[in-house]
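Reading through the structure tokens given below for one structure.
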Amino acid sequence: MTGKPIIIEGNVWAITDADGNLYDSVDTDQIYHNQWLAVTDVAEMGKYAFGNLPGWEDFPSKAAPGDVIVTGANFGAGSSRQHAVDCFQALGIRLIIAASFGAIYRRNAINSGMPILTVLGVSAGDVATGENIKANLETGVVENLARGLTLTGEPWSDVQMDIYRAGDLFLYGRRGLQ
Amino acid sequence: MGKPFAEKIFSARAGRDVVPGEIITVEPDYVLSHDNTAAIAATFAKMGAEKVLHPERLVIVLDHCVPAADAKHAENHKKIREFVAEQGVEHFYDVGRGICHQVLPEEGFARPGRLILGSDSHTTTYGALGAFSAGIGRSEAAAIWATGEIWLMCPESVRMNMTGEFARGVGPKDLILSIIGDVGADGMLYKSVEFAGETMEVMSVAGHMVLANMSVEMGAKNGYVAPNDKTAEWLASRESAEYEAVYPDADASYESELEYDVTDLPPMVAKPHTVDNVAPVEEVVGTAVDQVVLGTCTNGREDDLEEAARILEDRTVASGCRLLVFPASREIWREAMKSGAFEAIEGAGGIIMNAGCGPCLGAHEGVLAPGEVCLSTANRNFKGRMGTPEAEIYLASPATAAATAVEGRIADPRGYL
């Protein structure tokens, strides 16, 4: 229950488009295409992550466990498919930072214990692929260690922290009953 | 200062005063799942849960790939039927009954004042009947099955006031596309959106459903239409007449209020590859189209099929263009048989399919080839949504869809009505 880190440090993948800007409104079909929806084994979902996002189709072979994703606004817009969160869990992605998250995506991440952080207005000017960042989930503060730059994200809610500490929504709910 | 709908229903459920941003634990009245029930059941088992706490609160509708397109989907359906039997789930609707977002209203689950969560993003549809309804994910659905409850954060509310009367050939789909184009795909992120004003009073319940259904496409948590005479009439016809409606206070305070006058609204389209890439149909008139999809949970109701039939009657679908029709439910299928709508559509060369999601999410029954262009009355045109990422999808109203099928090119329906 106490093993979950509050401070996450990792190597960044800045999910940029052809113009070098962080992608906005990356939808659930771009994160995890519908042709793989019948897959039920989470471990198998990793290889399909970003499989339909132009320029990022080879992400699963590039990403390493412990890496951090940074992306633009409305990340995970669209469908309620949890595959779009699980595929990153499967790859060992430690944290997803976005300018904002799709409403259902945000809940899916929180409730399955995947750490996400909202940093309003985060842009490609703040952080680049390969840079190292340190994020504090409790305060929402993100430090770009390479540049000595600090970004202010939204601190986690108590429920988000409790679910994360418990492992997932079900473990959290069960703990509440004990 | 009074409260909007979301704060009213959250406060009622919590038994205390709830403000936006507050998190409460709720017991949903119903939890919807569809073909993804197989995956939810796997998660449920993996969590270590055995027995569904309230099997009577589960509503399971097979609609996403029905009848099964291949062995993998067939196996999932089989697992779901076994799960339904094991857990004693009484509200199970097998292949052929219809699309969940039409079946829940028809079967009386969606009513004013109810709290419904569903493992599908278009669960927002039931707000058209005055419910609070929102999409959730697989782990969330599994946890509700096990514990009967879940946390929800009370959203901020935005009110959209509609005035004016639609021009001929223009309707709710054009309005919601225009709104989404205006506010953007994340314009209403996490918000509770209330559709109000004089236009809503004359709009049919099917029209209300179009707006609520697509509110998720601007990021909204839920959409809501205050129950009115039309709602009451609709519910009475479904034997769903008993309910306790929750209305926003007359002096409710909203985060913002937006005004839309529909009087001069033209037919609208969403161009590839995002729902907020919206333009008047004039801008794309003449674009060659390989396939037209009429139906789905957005526009597969009687109003929609009859509107299309009026245009298709005594006309022919253009050569080289396929018109596929997906009624939202078996009931609607029968209605369209009786009303003559199917005769007109079939007579024009349209292909009438069974009630279900069809190719909307790329599963089967009309997925596209690379390089093809489709105009659809569905709610999403993401790159790759209907199969290959190398196809283009335009979204539009049933009238625009019918006119487009006749010409084989995107067409303005106003010349046909």
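Per atom type, the protein assembly as shown shows carbon and sulfur on 48% of its accessible surface, probed at 1.4 Å. Measuring against 28 Å, Cα to Cα, the residue pairs B:Lys191/B:Lys271; B:Lys79/B:Lys173; B:Lys78/B:Lys221 contain B:Lys79/B:Lys173; B:Lys78/B:Lys221 as the ones spanning a longer distance.
Place a point 7 Å from Cα of B:Glu201 in the direction of its Cβ. Which residues in segment B:138-166 have their backbone N less than 18 Å from it? Only B:160-166 pass the distance filter.
Interface residues of segment B:124-163, defined as those losing at least 50 Å² of solvent-accessible heavy-atom surface relative to the isolated chain (probe radius 1.4 Å), are listed as B:Arg138, B:Ser139, B:Glu140, B:Trp151.
Model label points for B:Ala279 and B:Glu90, set 7 angstrom from Cα along the Cα-to-Cβ axis, are 5.4 nm apart. Secondary-structure-derived ellipticity at 222 nm for the protein assembly as shown, considering helices only, amounts to -8500 deg cm²/dmol, per-run term -39500 (n - 2.57) for DSSP H runs with n ≥ 4.
Coordinate range of the alpha-carbon atoms in chain B per principal axis, descending: 58, 53, 39 Å. Accessible area buried by the pairing of A and B, both sides summed with a 1.4 Å probe, works out to roughly 3200 Å². Just going by the charge dipole of the protein assembly as shown, with Lys and Arg at +1 and Asp and Glu at -1 on Cβ, which of A:Leu91, B:Val246, B:Gly358 is farthest out on the positive end? Result: A:Leu91. Placing +1 on the Cβ of each Lys and Arg and -1 on the Cβ of each Asp and Glu in segment B:269-415, which of B:Leu305, B:Ser329, B:Ala318 has its Cα farthest towards the positive end of the resulting dipole? Of the options given, the answer is B:Ser329. Going by the alpha-carbon gyration tensor, a ≥ b ≥ c the square roots of its eigenvalues, is segment A:1-67 rounded (a/c under 1.5) or, if a/c is not under 1.5, prolate (a/b greater than b/c) versus oblate? Here segment A:1-67 falls in the oblate category. Ratio of Rg to Rh for segment A:96-178: 1.04 [Cα atoms; Kirkwood radius as inverse mean 1/r over pairs].
Restricting attention to segment A:7-135, close to 30% of DSSP beta bridges with both partner residues there are antiparallel. In the full protein context, segment B:273-417 carries 34 Å² of accessible surface per residue, based on a 1.4 Å probe and ignoring ligands, DNA and RNA.
Based on alpha carbons, the Rg and Dmax found for chain A are 15.3, 52 Å. Take every DSSP beta bridge whose two residues both sit in segment B:269-415; close to 20 percent of them are antiparallel. If you sort B:Ser253, B:Ser192 by accessible surface, 1.4 Å probe, largest first, the order is B:Ser253, B:Ser192. In plain terms, the chain from B:Glu82 to B:Lys51 could stretch by 9.8 nm, reckoned as 0.36 nm per residue minus the Cα-Cα distance. Note: the protein assembly as shown, Cα convex hull, 140 Å³ per residue. Annotation for B:Glu27 and A:Asp162: the two label points, set 7 Å from Cα along the Cα-Cβ direction, are 1.8 nm apart.
If the elastic network links every pair of Cα atoms under 10 Å, which of A:Thr118, A:Thr40, A:Thr16 fluctuates the most in the Gaussian network model of chain A? Top of the fluctuation ranking is A:Thr40.
Calculated on the alpha-carbon coordinates, the convex hull of segment B:269-415 measures out at 86 cubic angstrom per residue.
The values are calculated or read from the model by the stated rules, or taken from the named source; none is laboratory data. Remember, predicted model here, so these are calculated numbers, not experimental data. Don't worry about glycine lacking a Cβ; one is built from the backbone with ideal geometry, like all the others, and counts go over all protein chains shown. Side chains included, ligands, DNA and RNA excluded: accessible areas come from the protein's heavy atoms. Shrake-Rupley method; radii C 1.70, N 1.55, O 1.52, S 1.80 Å.
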